Amino acid sequence: MKDLAALSQEIEKLRAQLERQEKLSSLGMLSAGIAHEIRNPLNFVINFSNLSGNLLEEYRAMAEKATDGDNDMREDMEDILASLEENQRKIAEHGRHALDIINGILLYSRGKDDACQPTDTALLTREYVRLSYHAMRANCKDFNASIREDYETGLPPVNLNPQDYIRVVLNVMNNAWYAVWKKSQEHPRDYRPAVEVRLHRADGWLVLAVEDNGTGMDRETQEKVYDVFYTTKPAGHGTGLGMAIVKDIVENKHHGRIAFTSVPGERTCFTLSFPLSL
């Protein structure tokens, strides 16, 4: 019995180690996407701040010359004040966007936390679809793809583990991007890479569907897609852990469902369902 208990502990320890490895691998791939996404709002903040500084100088010069009867100058000063107010709003908006990205990464990289909580799945999905895309573009310089996103309006917060949900989105999206990139290398002229992401409610479930028009999966891949360490990607592109962990998160941790359809050479669609009443 002791040997069995010790073996069980070793297996659990190895499982935890593999999950950490998968998470670090995802974070490494995301780093370029994170840099891109944060750089954009920060550039807006800097540009609007510089513009506001110039407007303040102009306003100060007008204030020194202004007289009570100068209606034209008063109108110009009011226009400057309106521009400053708009700049302040945009600075706050883009600053919050950068902060949301950083908070999301901190949430994802935080230690093990099994707690479920009301989660804005549309917000997380949108953010990590974008991050994963820019990460793929940074890793594959010639990569471009069209993205179609369809999120049901008014989705309520869903009680799930946000860290786990992020991992699900990242792993499924990374596979979709890789599939369309690989096909683009094989058919560079007449192929238009495309990925569609849908998030909606259906019969008491939150349903996330990710469909790509990439390479599709052959029969062997379809049979082994959830196997630990099974991957069709070359070294450096995948750990072979992603979909096994996705299946565990969806089915075991959240009592959900995962399914896929795939046509070799044409497309793949993964559908992940989370109970709304968990």
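Using θ = phi - 60° and the Karplus relation 6.51 cos²θ - 1.76 cosθ + 1.60, list the HN-Hα couplings for the stretch 214-224 in order, rounded to whole Hz, with x at every Gly or Pro.
x, 6, x, 10, 6, 4, 4, 5, 4, 6, 10
Using θ = phi - 60° and the Karplus form 6.51 cos²θ - 1.76 cosθ + 1.60, what ³J(HN,Hα) does each residue of the stretch 140-153 get, whole Hz, x for Gly and Pro?
Per residue, the Karplus-derived 3J(HN,Hα) values read 10, 4, 8, 8, 9, 8, 8, 10, 10, 10, 9, 10, 4, 6 Hz.
Just to check I understand the Karplus step: with θ = phi - 60° and J = 6.51 cos²θ - 1.76 cosθ + 1.60, what whole-Hz values come out for the stretch 201-209, glycine and proline as x?
Each residue of the stretch 201-209 in turn: 9, 7, 6, x, 10, 8, 10, 10, 10 Hz.
Here is the link list: K182/K253; K141/K183; K183/K233; K141/K233. Which ones come out longer than 23 Å on Cα distance?
Check vs 23 Å cut-off fails for K182/K253.
Considering the zone a paramagnetic label at D190 would reach in this model (a point 7 Å from Cα along the Cα-to-Cβ line), which residues of the stretch 242-270 have amide N under 15 Å from it?
266
Read-outs: derived from the displayed coordinates by stated rules, not from any lab. Everything numeric here is computed off the predicted structure, so don't read it as measured data. Ideal geometry is used to build each Cβ from the backbone, glycine not excepted, and the neighbour counts take in all protein chains shown.
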